[in-house]
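**Q** Just dropping this structure here.
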Amino acid sequence: MSLIATTDDLAAACRRLAEHDFVTVDTEFLRETTFWPRLCVVQIASEAEAVAVDAMAEGIDLGPVFELMAKPALTKVFHAARQDLEIVWNLAKMIPAPLFDTQVAAMVCGFGDQVSYGELVQTVSKVTLDKSSRFTDWSRRPLLPAQVDYAIADVTYLRDIYAFLRRKLEQTGRLDWLQDEMALLTSPSTYEQHPEHAWERFRNRVRKPRDLAVLMEVARWREAEAQERDVPRSRVLKDDVLIEVALAAPRTADALGNLRAFPRGMERSRAGVEILAAIERGLARDPKTLPKLERERRSGGNGATVELLKVLLRQVSESHGVAAKMIATVDDLEAIAADDNAKVAALTGWRRELFGVKALELKQGRLALTVEDGRVVTLEWQDAARDSAAN
């Protein structure tokens, strides 16, 4: 067990860790009762050592950790990094870079969508992780030896996984494919919480400009309230209640209280008054200033094309050993079916080379799909025409 609980020990450990080419990183945190995640433990490993940092130790300064994360010559390796990076951003307003996310890398290497850390450990290191501390309360002190051992295991095996995946990416010439995903993960805009954008999570739940206007204002109020009180959004107002308020747009306390799902008595509280004020702000907005409602895309006349594109996507995914989700989403396919020049990732960069060009050729009748030995294969239009003539 290697647990660090003082700033001096942490600074010394970070100096040692900085001497290597990469470090593996993980965090343990709680956010069930808060809006902002509460950091409890930070685990870091180099090729030479692995440490766990008690982030809640009295008087400890995590500055050395953030300095380590900012070193440009040091690759920071995470698995499913998004929540860990959100914590670092919230605490230090910086994002570790350069970054290597093993979950994303595994998708590029054909391990499927969102492969778990445990699955990769089993595959690469032939070890089954002890999950007995998986649901532990990381805020309780003192930390038990079993908890620390569990936490450190999350970065020790990650070293082997990183080496395995990086070698595989280099051998296949796919290391650059990660850059788009890493750029998204290292962008501050990914983690900034702006109340005025809170409505976007529900953009497909409203159909009328008036409903959208009210939703924007009430969602903004809920987001700001949750942040200020540091409580989960659902503690302020549940999602289904938020949508009900937006659609009904009640203008009096009685009307608000009469909504089926609205918490009893809340209409007479400070929150009720502020919700009614948010509704009025929404109703007062000029519809011309509202974002355009994106109608939920329907397959319509493109339904058959979308289904063919799904088959092609699966064929490309399997033949190249890349997770389908990494190549294109259903939204991408629907957009391509509707527009050859759709502004989607599947028609740019390596995705276009791998899938996008074929998708367009399939739409234009220059590519055919057929089955050989139980497997879907593609035929260029010359081959398809030749086979048709032969039959």
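**Q** Residue check: is Val127 among the hydrophobic types (A, V, I, L, M, F, W, C), assigned to a helix (DSSP H, G or I) and out of contact with any His (no Cβ under 8 Å at 6 or more places or on another chain)? Working first, answer last.
**A** Details: among the hydrophobic types (A, V, I, L, M, F, W, C): yes; assigned to a helix (DSSP H, G or I): no; out of contact with any His (no Cβ under 8 Å at 6 or more places or on another chain): yes.
Against the criterion (among the hydrophobic types (A, V, I, L, M, F, W, C), assigned to a helix (DSSP H, G or I) and out of contact with any His (no Cβ under 8 Å at 6 or more places or on another chain)), Val127 does not qualify.
**Q** Can Ala253 be described as under 14 Å from Gly356 (Cα atoms), surrounded by 14 or more Cβ atoms within 10 Å (Cβ to Cβ) and small (Gly, Ala, Ser)?
**A** Values: under 14 Å from Gly356 (Cα atoms): no; surrounded by 14 or more Cβ atoms within 10 Å (Cβ to Cβ): yes; small (Gly, Ala, Ser): yes.
So Ala253 does not fit the description; no.
**Q** Something else: Residues that are within 30 Å of Arg229 (Cβ to Cβ): list the strands (runs of 3 or more DSSP E) wholly contained in the stretch 1-116 that include at least 3 such residues. Before you say what the answer is, go through the steps one by one.
**A** On the way: elements: 22-30, 38-45, 50-54, 75-78, 99-101.
Passing ranges, in order: 22-30, 38-45.
Condition check ((1) surrounded by 14 or more Cβ atoms within 10 Å (Cβ to Cβ); (2) part of a helix (DSSP H, G or I); (3) modelled with pLDDT of 90 or more; (4) in the same structural domain as Ile279 (by TED's automatic domain parsing)) across all residues:
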| residue | (1), (2), (3), (4) |
| --- | --- |
| Leu165 | yes, yes, yes, no |
| Gln171 | no, yes, yes, no |
| Asp180 | yes, yes, no, no |
| Phe202 | yes, yes, yes, yes |
| Leu215 | yes, yes, yes, yes |
| Ala219 | yes, yes, yes, yes |
| Ala224 | yes, yes, yes, yes |
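**Q** Residues that are surrounded by 15 or more Cβ atoms within 10 Å (Cβ to Cβ), under 26 Å from Val41 (Cβ atoms) and among the β-branched types (Val, Ile, Thr): does the stretch 190-198 have at least one?
**A** Scanning the stretch 190-198, I find no residue that is surrounded by 15 or more Cβ atoms within 10 Å (Cβ to Cβ), under 26 Å from Val41 (Cβ atoms) and among the β-branched types (Val, Ile, Thr), so the answer is no.
**Q** On the given criteria, is Phe78 in contact with an Asp or Glu (Cβ under 6 Å, 6 or more places away or on another chain) and either outside the structural domain of Arg159 (by TED's automatic domain parsing) or surrounded by 18 or more Cβ atoms within 10 Å (Cβ to Cβ) (or both)? Walk me through it before giving the result.
**A** Values: in contact with an Asp or Glu (Cβ under 6 Å, 6 or more places away or on another chain): yes; either outside the structural domain of Arg159 (by TED's automatic domain parsing) or surrounded by 18 or more Cβ atoms within 10 Å (Cβ to Cβ) (or both): yes.
So Phe78 fits the description; yes.
**Q** State yes or no: is Ala70 touching a residue at least 12 places away in the same chain (Cβ under 8 Å), surrounded by 16 or more Cβ atoms within 10 Å (Cβ to Cβ) and assigned by TED's automatic domain parsing to the domain that holds Val42? Don't jump to the end; show me each part of the working.
**A** Values: touching a residue at least 12 places away in the same chain (Cβ under 8 Å): yes; surrounded by 16 or more Cβ atoms within 10 Å (Cβ to Cβ): no; assigned by TED's automatic domain parsing to the domain that holds Val42: yes.
No, not satisfied.
**Q** Right, here's the next one. Can you tell me which residues in the stretch 130-148 are of a type in the set (A, V, I, L, M, F, W, C), assigned to a loop (DSSP other than H, G, I, E, B) and either under 16 Å from Glu58 (Cβ atoms) or in contact (Cβ under 8 Å) with a residue 12 or more places away in the chain (or both)? Steps first, answer last, please.
**A** Step one: of the stretch 130-148, the residues of a type in the set (A, V, I, L, M, F, W, C) are 135, 138, 143-144, 146, 148.
Now narrow it down to the ones that are assigned to a loop (DSSP other than H, G, I, E, B): 135, 138, 143-144.
Scanning the stretch 130-148 gives Trp138, Leu143.
**Q** Can you name every residue in the stretch 296-312 that is modelled with pLDDT under 85 and of a type outside the set (D, E, K, R)? Working first, answer last.
**A** Step one: list which residues in the stretch 296-312 are modelled with pLDDT under 85, which gives 296-303.
Those that are modelled with pLDDT under 85 and of a type outside the set (D, E, K, R): Ser299, Gly300, Gly301, Asn302, Gly303.
**Q** Does Ala151 satisfy the criteria of being touching a Lys or Arg at 6+ places or on another chain (Cβ under 7 Å), of a type in the set (A, V, I, L, M, F, W, C), under 25 Å from Ala92 (Cβ atoms) and surrounded by 20 or more Cβ atoms within 10 Å (Cβ to Cβ)? I'd like the intermediate steps shown before the answer.
**A** Values: touching a Lys or Arg at 6+ places or on another chain (Cβ under 7 Å): no; of a type in the set (A, V, I, L, M, F, W, C): yes; under 25 Å from Ala92 (Cβ atoms): yes; surrounded by 20 or more Cβ atoms within 10 Å (Cβ to Cβ): yes.
For Ala151, the condition - touching a Lys or Arg at 6+ places or on another chain (Cβ under 7 Å), of a type in the set (A, V, I, L, M, F, W, C), under 25 Å from Ala92 (Cβ atoms) and surrounded by 20 or more Cβ atoms within 10 Å (Cβ to Cβ) - is not met.
Matching residues to (1) at pLDDT 95 or above; (2) hydrophobic (A, V, I, L, M, F, W, C); (3) assigned by TED's automatic domain parsing to the domain that holds Phe355:
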{"site": "Ala248", "(1), (2), (3)": "yes, yes, no"}
{"site": "Arg251", "(1), (2), (3)": "yes, no, no"}
{"site": "Ala255", "(1), (2), (3)": "yes, yes, no"}
{"site": "Arg281", "(1), (2), (3)": "yes, no, no"}
{"site": "Glu294", "(1), (2), (3)": "no, no, no"}
{"site": "Arg314", "(1), (2), (3)": "no, no, yes"}
{"site": "Val322", "(1), (2), (3)": "no, yes, yes"}
{"site": "Met326", "(1), (2), (3)": "no, yes, yes"}
{"site": "Asp332", "(1), (2), (3)": "no, no, yes"}
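**Q** Looking only at residues in the stretch 121-131 that are touching a helix residue (DSSP H, G or I) at 6+ places or on another chain (Cβ under 8 Å) and surrounded by fewer than 11 Cβ atoms within 10 Å (Cβ to Cβ), which one is nearest to Gln147 (Cα to Cα)?
**A** To start, the set of residues in the stretch 121-131 that are touching a helix residue (DSSP H, G or I) at 6+ places or on another chain (Cβ under 8 Å) comprises 121, 124-125, 127-131.
Filter once more, keeping what is surrounded by fewer than 11 Cβ atoms within 10 Å (Cβ to Cβ): 128, 131.
Numbers: Thr128: 17, Lys131: 10 Å.
My answer is Lys131.
**Q** I'm trying to understand the selection: among the residues of the stretch 215-245, which are more than 12 Å from Glu196 (Cα to Cα) and not charged (D, E, K, R)?
**A** Residues satisfying the conditions are Ala226, Gln227, Val231, Pro232, Ser234, Val236, Leu237, Val241, Leu242, Ile243, Val245.
**Q** Also, quick follow-up: Inspect all residues belonging to the stretch 229-242 and state whether any of them is assigned to a helix (DSSP H, G or I) and surrounded by 23 or more Cβ atoms within 10 Å (Cβ to Cβ).
**A** yes
The values are calculated or read from the model by the stated rules, or taken from the named source; none is laboratory data. This structure is a prediction, so every number in the text was calculated from the model and none was measured. Ideal geometry is used to build each Cβ from the backbone, glycine not excepted, and the neighbour counts take in all protein chains shown.
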